[in-house]
């Protein structure tokens, strides 16, 4: 790699007195993963396993008139066929799954359609057979009669007067009240701060523009999968890749109308998620099939099914109007955002509204959000869902504003930056945040300070994700040899079990290697919310912290009883218990561990937490690119991501999150999109034509970890998983403008689009 | 028609016999018939590289090889990269360089990297990226993977 | 191209045969009445069988990789090169005779798919797949390649530009087998190049591609061939480009005329990989750039 005269990966550490936190140990699950031993969902095998496949709708919108599964059932090798009628009839309810609310009826309808199919790829029936080839043959024998209906593919189409309606019983919730109007708009909400009309009057410069984005997919490499098996006592056991074992458990309980205690979900290792593996798809179908066959049934989606049958992130229309004084003080900003929810209500437009203006201290702000159903797969979370769409608009508008004002784009942002005490347009008041520090680090970075190569364009942008807290549990047991076993329930997508173990290690004063973390099933650990929302290192780390404090307290008490002294006189540091007054009294955890059984039994610490002190994270990008003027092809030449992590527990994995989110953002900016044909079918549902960046498409991604400690966490942690996917699309658009003078307001910025812009 | 073919191969240095239908890919045979699940399926049409194995000295996407074609072939999978419990320098470099996050693409990358370094022990960054362009990673952005390959190359040359 | 199928990721039942001679292979093909397909690298065929592509209605795959003539790489006394239809790309771009005498073949061989695809894919398969986007085909045309095909009635030779007849259709019958591709010695003053436009840097199907060759003598073009991929129902050899080059002094003007002739000859469609207008535009850009490289390689300019 080109040697540079600057450090490509920097940690601007503000807290350096930790022993384990901030170091880079090898991850505990690493050896299994580099040797092929780790068991992912599709690897799971069991005696008597049958293979399931799912029949999916070829139509974007149609009534199901009849389903005849008899020929499929008769095929040699087929053991069972299920449809929506195999679900028990239950009353509808609102479920809290993952980070959102979902209606049970919508969840059930998405898993197996009953009267209507709402998108190409909508699941209708499942087959279990002796091998996947037979199962697939059986699908072609299921006869379904459809009445095809007209469909809508974009927010414009869905919101138009007279548009075909997806749900006859969906009325628009208009500013908090049921409007009674049947519509594809499930919800229209507003956030209002101050008086934007007045604010725009005061503005001396205004930028007003519309931006459009199209559907993109999380692109995890392992498709959805799940194995189900009932035991004779009526308990259901699931093995699957999921970002939330308890979400799977709770969803299945409602879908199958059985108590949660009758379901055990064992999460396997997970081949990527990015939010897309929070919802469930195949597990209920596998469960229904397994009930009929009496054997384990495994379903693994194909890549095509993953694109067409699981939730991507929305296409959207974003309208931005922003005004400022000549000095660069923003006086008003308005964001109008319509997002595709897919076939059922629940796009991330609400989250987008929380993020769009978050980096800025605005006196007057107005956000209009529209949640719109369209005949596409039900959207699922994708890494800071909604925020990248919003930022593609607002962060471009700000650069336009900066240009009109003759200001440096980072200076404009700094002039308006949100700090502790700033009230967001959507309501919350910020505690300590690092937006300013990130912007300053951007300005000072050698990348920003360097001369652009001739012919290159440079762009900057900043993005935000609020991060979440939610529930986590953790148990820690002291072993005879002074190591500890740690059990937690956060499925590990990116090395989190190690970051969690490191926090426990820090408390106990032992090495990270002396903590043995395990990600366990729903029978084995207390309720733990999803691995998502950038919560895992923060909240499950906190549970580990608390559980370790519990162990520490018990160790001190045990030593006190062994030595027959007051526990108050003892301390524990660096894994050694000692007396504050008597230097003779010293015991290592190893020595204590060896005596546990003789001195009263084992020591187990535990914690269940739902921490409130969540700190949001800001991430900034500086990108240099060049454009081949004859073909419109963009080459990313240099990319720098700067993010506030609060405290980077394991800097390598924080850097990894930043680089991964940047890569996804670059793909989103340049080439990724769902091509829908006139019949509402995705024509590029393969990894050939859904173009995610390859190793050859990206440069090294330089990183700076800023650490503005989150006062709400014992080590200062802010979640980092998500904010880094937010700035790339606007940063790249801004660089395209800088390079060519053309402002691209439509994603992706494909070569054709770039050339079109050059022409006009 | 369930006539199966008897296929004889060498996998990771050991003779392995298995039965399969012509329609089963080598990937399917490795995973579902032989039980070597280290090689992964991401797309089943040659576009992600998660199924990369080495056959007779060159890497292929095993989803696009029929099991029956493996008759007489010598196959190396991720399970054969380490020498017993001694990890290969490439595996060590990936671990120490944090070049994996979810890890699903990692077996494919390691097999492909080994083939690269056997052919070209001191590749440039561009050569590394070009060789590995068929191996998709969605988690890492490739930065730490490229560094791990360079580190492994260095270690292997020193040895 | 996608078809109207439900999942398309597993194969329907197929029989597998692995003959060890051309005659045996031809016999199986002939006896199968159009229901058999030769299998070389499988990087197209296996995918097509999985998605139940209606143009590939095979019940039997005939593995041709055990047939000696299809595995040959023979640089002959006249300076011509025979490449067997089943030779995988990774053996081609590493072959010293190719590197020395026909380096432009590497342009195509090294960019079809990625490295592991090149461990399996073949020039023969790329040609017989007959896709207008086939990255090797314009390059073969530029090299004046002749295809040898064996059938029940003996062998015949086809100039490679006559092999593809339409999208995924070739003039090779279902009872015939492509045996080898012959690259005649181009002589002195020859240079060739294949480039394509793709949105990423690897792995994509060509949005447009240009395979060109020139032969220069005394500062003039004595031959020039331009063949385009992805801009017509089949790869097209552009007569207008040849006319614009042959007899002309080597110059930017001649190259530009040839590039414009290429653009004018293209009749692309708009699809998810690119618009027709964009593809036409690319023809001019790619042809010009490829000709410049070819001229450089020929030792001119």
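Checking each residue in the stretch C:164-222 for being at positive phi and within 14 Å of chain B (Cβ to nearest Cβ) picks out only C:203. Among strands (runs of 3 or more DSSP E) entirely within the stretch A:251-367, having at least 3 residues that are farther than 28 Å from residue A:729 by Cβ and within 24 Å of the chain's Cα centre (by Cα) singles out A:263-267.
Does residue A:692 satisfy being over 20 Å from residue A:441 (Cα atoms) and within 10 Å of chain B (Cβ to nearest Cβ)? First the steps, then the outcome.
Numbers: over 20 Å from residue A:441 (Cα atoms): yes; within 10 Å of chain B (Cβ to nearest Cβ): yes.
Yes: the conditions hold for residue A:692.
Residues in the stretch A:207-246 that are without any contact (Cβ under 8 Å) to a residue 40 or more places away in the chain and either out of contact with any helix residue (DSSP H, G or I) (no Cβ under 9 Å at 6 or more places or on another chain) or closer than 30 Å to residue A:403 by Cα (or both) were compared, and the one that is farthest from the other protein chains (Cβ to nearest Cβ) is A:232. Residue-level analysis places residue A:41 outside the set of residues that are under 17 Å from residue A:293 (Cβ atoms), within 14 Å of chain B (Cβ to nearest Cβ) and in contact with a strand residue (DSSP E or B) (Cβ under 7 Å, 6 or more places away or on another chain). For the stretch A:152-173, the tally of residues that are without any contact (Cβ under 8 Å) to a residue 60 or more places away in the chain, crowded, with 18+ Cβ neighbours inside 10 Å and part of a loop (DSSP other than H, G, I, E, B) stands at 1. Residues of the stretch C:104-116 that are within 9 Å of chain B (Cβ to nearest Cβ) and crowded, with 24+ Cβ neighbours inside 10 Å: C:113, C:114, C:115, C:116.
Check B:136, B:116 and return the single one that is within 11 Å of chain C (Cβ to nearest Cβ), under 20 Å from residue A:693 (Cβ atoms) and surrounded by fewer than 24 Cβ atoms within 10 Å (Cβ to Cβ).
Details: B:136 fails: surrounded by fewer than 24 Cβ atoms within 10 Å (Cβ to Cβ).
Result: B:116 is the single residue among B:136, B:116 that is within 11 Å of chain C (Cβ to nearest Cβ), under 20 Å from residue A:693 (Cβ atoms) and surrounded by fewer than 24 Cβ atoms within 10 Å (Cβ to Cβ).
Put simply, of C:144, C:139 the only residue that is under 12 Å from the mean Cα position of the chain (by Cα) and either surrounded by fewer than 24 Cβ atoms within 10 Å (Cβ to Cβ) or outside any helix (DSSP H, G or I) (or both) is C:144. Of the residues screened, residue B:24 is not one that is over 17 Å from the mean Cα position of the chain (by Cα), more than 10 Å from chain A (Cβ to nearest Cβ) and closer than 22 Å to residue C:120 by Cα.
Looking at the structure I just gave you, is residue B:148 within 23 Å of residue A:701 (Cβ to Cβ), more than 9 Å from every other protein chain (Cβ to nearest Cβ) and touching a helix residue (DSSP H, G or I) at 6+ places or on another chain (Cβ under 6 Å)? Don't jump to the end; show me each part of the working.
Values: within 23 Å of residue A:701 (Cβ to Cβ): yes; more than 9 Å from every other protein chain (Cβ to nearest Cβ): yes; touching a helix residue (DSSP H, G or I) at 6+ places or on another chain (Cβ under 6 Å): yes.
Answer is yes for this residue.
For residue A:520, the conditions (1) within 23 Å of the chain's Cα centre (by Cα); (2) more than 20 Å from residue A:263 (Cβ to Cβ) are fulfilled apart from (2).
Looking at A:77, A:52, A:30 in this structure, which one is at positive phi and within 14 Å of another protein chain (Cβ to nearest Cβ)? Show your work before the answer.
Values: A:52 fails: at positive phi; A:30 fails: at positive phi.
Testing whether each residue is at positive phi and within 14 Å of another protein chain (Cβ to nearest Cβ) leaves just A:77.
Among the residues in the stretch B:98-109, are any within 12 Å of chain C (Cβ to nearest Cβ) and surrounded by 20 or more Cβ atoms within 10 Å (Cβ to Cβ)? Yes: one or more hits.
Laboratory data are not the source of any read-out in this text; all were calculated from the coordinates shown. Small disclaimer: the values here were computed from a predicted structure and weren't measured. Every residue, glycine as well, gets a Cβ built from its backbone with ideal geometry; the counts of neighbours run over all protein chains shown.
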